[in-house]
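I have placed the structure first, in the form of structure tokens, so that the comments after it can refer back to it.
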Amino acid sequence: MNTKTTRPKIVIGNWKMCRSHERVGELDAIAAAARNYRLEVVICPPFPLIPAALRHVPAIMAGGQDCHHELEGPYTGSTSPALLREMGVTHVILGHSERRTALAETNAMICAKAAAAIRAGMIAIICVGESAAERAAGATEDVITDQIKGSIPASARPEEMLIAYEPIWAIGSGATPTLAEIADVHGSIRDTLRRTLGVASGEATRLLYGGSVNPENAGRLIGTPGVDGLLVGTSSLSARDFVPIIEAAAHTGQAAKGIGAEAAA
Ligand code: PGA
């Protein structure tokens, strides 16, 4: 089953509901690091900051943190994926646990949003992850398999989506799973993708890890078998923390290329 699929590393910053335009100033050093290391780096500011971010650093890739499942219509307060794309947005985070939990977003809703984002020409970053109680009950694999099967549009191609494994209990807590646990979950997600999308697409789809990534653990996390990228919250808010994470990912990516080896899946 081993294929020669190469999955380039990617680092994504989720700025969540940061509250000031001043944050945009961090993008100079972040964009410079992305350019230096030729690494895919995406920043996902809150919607009102996206135009300022793209004006400040036109070369940066910007992502949204949600979008509607229709391209337009009478949906007060919602954001059209077509409008995001028109603004220059390339990616959109969907199904983040903060939305699954607080706003009761279901797999079916996330699947419809992902299909709309892809239809609008963006890359859907689809988040999955178990709660502490689900992990304690030994249900991690079942929960995530259900989320993967329910949240990914059947027609999505590997280049149109990224899957982010974010254990809910690891987000913003300072705790992370062990590297072996992450490798296990990523292996299980890879198996599910192969079964649902077919072997070639299942192999080519990139899997990210997210949850308490910081400059100290980023190298180990992105070097873990099956981890193709990182989704970073708190540590993406400042260049001081985010640039070392970009560097760690770039070095790991080069090492992987150097030995011509695919991470164990
Ligand atoms: P964190 O957030 O890095 O602050 O844990 C990650 C996320 O919610 O995507």
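We did not get these values from a lab; they are worked out from the coordinates using the rules stated. These figures come from a predicted structure and were not determined experimentally. Note that each Cβ is placed from the backbone with ideal geometry, even for glycine, and that neighbours are counted across all protein chains shown.
Quick look at the values:
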item	result
Among Ala175, Ala239, Ala102, residue whose mean-square fluctuation peaks in a GNM of the chain (springs only between Cα atoms under 10 Å)	Ala102
Per-peptide average of other Cβ atoms within 10 Å, ordering 156-167, 212-223 highest first	156-167, 212-223
Cα-based Rg of the chain normalised by 2.2 N^0.38 Å, two decimals	0.93
Span from the region 132-186 Cα centroid across to the region 1-62 one, whole angstrom	22
Region 96-150 pair-distance distribution - Cα-Cα, 5 Å bins, rounded %	4, 19, 26, 25, 15, 7, 4, 1
CD proxy at 222 nm, helix term only [per DSSP H run n ≥ 4: -39500 (n - 2.57); per residue of the chain; nearest 500]	-12000 deg cm²/dmol
Percent of C-alpha pairs per 10 Å bin, region 64-118, short to long	26, 57, 17
Gain on full stretching of the segment that runs from Ser155 to Asp28 - 0.36 nm per residue minus C-alpha separation	42.0 nm
Mean separation of Cα contacts under 8 Å, 6 or more apart, over the residue count of region 117-252: relative contact order %	22
Stokes-Einstein translational diffusion, region 176-243 - Kirkwood Rh over all Cα pairs, 0.890 mPa s, 25 °C, in µm²/s	193
Linear extension gain, Ala108 paired with Cys18, 0.36 nm per residue minus alpha-carbon span	29.6 nm
Extension gain, Ala132 back to Leu71 (0.36 nm per residue minus Cα-Cα distance, nm)	18.4 nm
Only Lys, Arg (+1) and Asp, Glu (-1) charged, at Cβ; region 1-150 dipole about Cα centre in debye	480
Where Cα atoms sit under 19 Å apart: lysine pairs in the chain separated by 8 or more or lying on different chains	4
Length-normalised contact order for the chain - Cα pairs under 8 Å, 6+ apart - percent	21
Listed peptides 196-208, 89-101, 13-25, 41-53 by packing density, highest first (mean Cβ within 10 Å)	89-101, 41-53, 196-208, 13-25
FRET efficiency estimate (nearest 0.05) - Cβ-Cβ, Ser78 to Arg220, R0 35 angstrom	0.35
